Amino acid sequence: MSLNLYIAYTKYNNKMRDILIIFSLSVLYSCGSWHDSSNSGSSNSSKAKKGKLDITSYAETITSNELKTYLFKFAGDEFEGRDTGEPGQKKAADFLKEAYKKMGIPSPMGGDDYFQEIPESYFRGGIKSSENVLAYIKGTEKPDEIVVISAHYDHVGMDNKGNVFNGADDDGSGTVSMLEIAEAFVEASKNGHGPKRSILFLHVTGEEKGLYGSKYYTENPVFPLENTVTDLNIDMIGRIDKAHEGDDKSNYVYLIGSDRLSTELHNLSEEVNDKYTKLNLDYTYNAKDDPNRFYYRSDHYNFAKHNIPIIFYFNGVHDDYHQISDTPDKIEYDLMTKRAKLVFYTAWEVANRENRLVVDGVKE
Ligand SMILES: [Zn+2]
């Protein structure tokens, strides 16, 4: 084989070799990228998500690790027990605002204003001015109909020795669960599965002082109350009470008020739990003659007062209730995650079902 030829041949061979290398590389690459997507689940599943709707994959974005990370910050000493009107509560309000901005969830008030200001004059007993924190995902088909998810972010502050009432369960658990639920709805929106009805994330202040924040919101609603379909209120879902201690009993949550104003809401809540979270739904505190009167003691009640169907999610009281010992290290994160997922699935169903919930109950 002459040199020229050889050269030509080798050149040809080299060229062929190069082409072969490029070809095989491109084949390998395309194979590789397929593997990458299967490995990193997300892009693969996002491809899948774009097509087939898989609600559970959105619920799975609600994780105990993220809840824990959020809660150790939110219920840490830095926020000084989040007493209404005090610096610690203001830091907590900024924390929530930044969390929503980071998720790309806007404020219903527009721009950078996530706070519904409550003037000092609205409060009694020398409480300083404060703010509710609001974030909003606009519905894709029925944007005027509003599903509210609420939790109070204030707590009782510090004692006169400077000990902080961290309020990890009360109501740090409800507050950070809302952030994770919001993230799940954002993930769905990104994949073209945004909620048909709008979702309002309402973090209220002044609950410990007398349900002030939710009272102020329902007296000064950002969205007409007549367009508000339901309020799902979370207050203390991070612990296990005495009545449910023991492995066989702890897979529970108390539901209060689900059947008071809308039978459909009650049945829907049962159905999504049967289908997805399989918690023991305990209605002990839902009894009309419940001596604890929990139905009247958290922020959902200000919505129920306006004939808006509500569900109150609660784990019952425990020894650390309103003590400086209500700290993030005591939280049952896996159980809290499951309870937060129940709220997500219920909100999802209310926001996406064809017909608006029918109010068939009697306002008390
Ligand atoms: Zn509370």
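Any residue at all in the range 180-194 that's open to solvent by less than 30 Å² (accessible area, probe 1.4 Å) and within 16 Å of the ligand (Cβ to nearest atom)?
The answer is no, given that none of the residues of the range 180-194 is open to solvent by less than 30 Å² (accessible area, probe 1.4 Å) and within 16 Å of the ligand (Cβ to nearest atom).
Could you tell me which residue of the range 143-172 is nearest to T61 (Cα to Cα), considering only residues that are away from the ligand (no atom under 11 Å from the Cβ) and in a loop (DSSP other than H, G, I, E, B)?
Taking the range 143-172 first, the residues away from the ligand (no atom under 11 Å from the Cβ) are 143-150, 157-166, 168.
Subsequent filtering for residues that are in a loop (DSSP other than H, G, I, E, B) retains 157, 159-163, 165-166.
Numbers: G157: 31, D159: 37, N160: 40, K161: 40, G162: 37, N163: 35, F165: 30, N166: 26 Å.
Per the criteria, the residue is N166.
Check off (1) in a loop (DSSP other than H, G, I, E, B); (2) farther than 23 Å from N280 by Cβ for Y217 and give me the number that stays unchecked.
(1) is the only condition that Y217 fails.
Return the residues of the range 139-157 that are farther than 21 Å from N302 by Cα and crowded, with 17+ Cβ neighbours inside 10 Å; say none if nothing qualifies. Steps first, answer last, please.
Narrowing the range 139-157 to residues farther than 21 Å from N302 by Cα: 139-143, 157.
Passing the criteria: G139, K142, G157.
Among the residues of the range 336-360, which ones are outside any helix (DSSP H, G or I) and open to solvent by 20 Å² or more (accessible area, probe 1.4 Å)? Give the derivation first.
If we filter the range 336-360 for residues that are outside any helix (DSSP H, G or I), which is where we start, we get 353-360.
R353, E354, N355, R356, V358, V359, D360, listed by residue number.
Pick from the range 213-238 the residues that are open to solvent by 30 Å² or more (accessible area, probe 1.4 Å) and charged (D, E, K, R): which of them is nearest to the ligand (Cβ to nearest atom)?
Going through the qualifying residues, I end up with K215.
Can you confirm whether L200 is within 16 Å of the ligand (Cβ to nearest atom) and either part of a strand (DSSP E or B) or not assigned by TED's automatic domain parsing to the domain that holds A287 (or both)?
Details: within 16 Å of the ligand (Cβ to nearest atom): no; either part of a strand (DSSP E or B) or not assigned by TED's automatic domain parsing to the domain that holds A287 (or both): yes.
In short, no.
Only one of T140, T175, T69 is on the phi < 0 side of the Ramachandran plot and in a loop (DSSP other than H, G, I, E, B). Can you tell me which? Steps first, answer last, please.
On the way: T175 fails: in a loop (DSSP other than H, G, I, E, B); T69 fails: in a loop (DSSP other than H, G, I, E, B).
Answer to the selection: T140.
Only residues that are assigned to a strand (DSSP E or B), of a type in the set (A, V, I, L, M, F, W, C) and open to solvent by less than 20 Å² (accessible area, probe 1.4 Å): list them for the range 242-292, please.
The answer is V253, L255, I256.
For the range 55-79, name all the residues that are of a type outside the set (A, V, I, L, M, F, W, C) and either touching a Ser or Thr at 6+ places or on another chain (Cβ under 6 Å) or open to solvent by 60 Å² or more (accessible area, probe 1.4 Å) (or both). Explain how you work it out, then say what you get.
Applying the first criterion (of a type outside the set (A, V, I, L, M, F, W, C)) to the range 55-79 yields 56-58, 60-61, 63-66, 68-70, 73, 76-78.
Within the range 55-79, S57, E60, S64, N65, E66, K68, T69, K73, D77, E78 meet the criteria.
Go through the range 296-327 residue by residue and tally those that are in a helix (DSSP H, G or I) and open to solvent by less than 10 Å² (accessible area, probe 1.4 Å). Outline the logic, then answer.
Start the filter on the range 296-327 by keeping residues that are in a helix (DSSP H, G or I), which leaves 296, 301-304.
Keeping just the survivors that are open to solvent by less than 10 Å² (accessible area, probe 1.4 Å) gives 302-304.
Going through the range 296-327 one residue at a time, the tally reaches 3.
The values are calculated or read from the model by the stated rules, or taken from the named source; none is laboratory data. Owing to the predicted nature of the structure, the values given are computational and were not obtained by experimental measurement. Positions of Cβ are generated from backbone atoms using ideal geometry, with glycine treated the same way; all protein chains shown enter the neighbour counts. Quick note on the areas: whole protein, heavy atoms, side chains included, nothing else; ligands and nucleic acids left out. Shrake-Rupley method; radii C 1.70, N 1.55, O 1.52, S 1.80 Å.
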